[in-house]
Amino acid sequence: MTGSRTAPGSDERTDAPYTDGGTGADTSEGGSLLGTDATTAAEAGQKAGGLTGVRALLRREILRFVRRPGNTFLPPMVTNVLYFAVFGVILGGRIDQIAGFDYIVFLLPGLIVLGTISNAFENASFSIFHGRWNEYIETVIVSPLSNWMFVAAYVVASAIRGLLVGAIIATIGLAFVTLTDRSIAVAEPLYLVAFMLVISTLFAGLGVVGGLWARDFDYLTVMNQFIVRPLVFFGGVFYSLDVLPTVYRLLSLSNPMVYMVNGVRYGFLGYSDVEPLLALMVLSGCTVVVIALDVWLFRRGYGIVN
């Protein structure tokens, strides 16, 4: 930007940049450049601070369950040892093969899904509700983090917990498979990894919704025990859809857990009652919608701001 300067005793006007009378420094273009540099530096600092905040929140959420292995990892270990001992060994030896697989081998992917999604959901819902209940979540909300950063930290930490529990269940299952003189190999590793990442992220996102919606701790129990687990049990964990009558088979296809269980089963065994690629696409779309809902709820302050 330029201005006009008139010489003393002359009517001529000379165009020249405005300068600071004290220093002679250009306050137009130079000032604009300084302002741009300052804005860029501020944005970079805010971005770096935001990423640091996300890492700090993520670290806190991970340490919260890692430091309590007795509460985090021991219960699913005991539960799944019982599942594999009773259903896989005792009853499995008396059950005919399903789709050409020994029952304990057929059972393994479904139990991995059950443990993964239950723990991902439980971690996110309990962490957020506990923060609301004790009012320390407000210290997180007032930090210079955007809404998607809050959601990312809670969802990633919860998905990690779900995947760790899933890995523990897989180890237990493989031990029982070996003890019964059977074997299992991963048929479609890329599908297995993709489905595990999607379902753990999806239920971590649903856990965020549950944690914001819950009014007391009983709500969390109701959601996990009376909504999530029944859907999983009727999602083909213990049976193939082929053994069901036509009407019940069609009804089962409306259960989203069917696609999760069969997707992971396809990754392990190469067998599925549904089209695995279509199931992966639909579940990925659902995950995006749920994460967007999480961000929107945080933006509104739902369940946090009275």
Centroid-to-centroid separation of the stretch 172-217 and the stretch 245-304 [C-alpha atoms, Å] = 12
Sticking with the crude label model, points 7 Å out along Cα→Cβ, report the distance from Thr180 to Ser254 in nm, one decimal please.
-> 3.3
Overall form of the stretch 225-280 per C-alpha gyration tensor (a/c, 1.5; a/b vs b/c) | oblate
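If you place +1 on the Cβ of every Lys and Arg, -1 on the Cβ of every Asp and Glu, and leave all else neutral, what size is the dipole of the stretch 122-237 about its Cα centre, to the nearest 20 Debye? Present the calculation step by step, with values, prior to reporting the outcome.
Working: 5 positive and 7 negative charges, 24 e Å.
My answer is approximately 120 debye.
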Here the gain from full extension of Leu63 to Ala292, 0.36 nm per residue of separation minus their alpha-carbon distance, amounts to 79.9 nm
Once the Cβ-Cβ distance between Leu51 and Tyr136 is put in as r, and R0 is 22 Å, what FRET efficiency do you end up with, to the nearest 0.05?
-> 0.50
Dipole of the stretch 53-300, positive direction: furthest Cα of Gly236, Ala185, Gly53, with charges on the beta-carbon | Gly53
Quick one: which residues, 5+ away or cross-chain, put their amide H under 5 Å from the amide H of Tyr271? H built at 1.01 Å from N.
-> Tyr266
Name the residues of the stretch 286-305 whose amide N is less than 12 Å from a point 7 angstrom out from the Cα of Leu231 along the C-beta direction?
-> 286-287, 290
Among Val288, Leu82, Tyr271 - extreme Cα towards positive end, dipole of the stretch 53-300, charges at beta-carbon = Val288
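Over the stretch 53-300, calculate the relative contact order: mean separation of alpha carbon pairs under 8 Å at least 6 apart, over the residue count, as a percent. Mind showing how you got there, number by number?
Numbers: 324 pairs, mean separation 67.5, N = 248.
Relative contact order of the stretch 53-300: 27 percent.
Laboratory data are not the source of any read-out in this text; all were calculated from the coordinates shown. These figures come from a predicted structure and were not determined experimentally. So basically every Cβ, Gly included, is an ideal-geometry build from the backbone, and we count neighbours across all protein chains shown.
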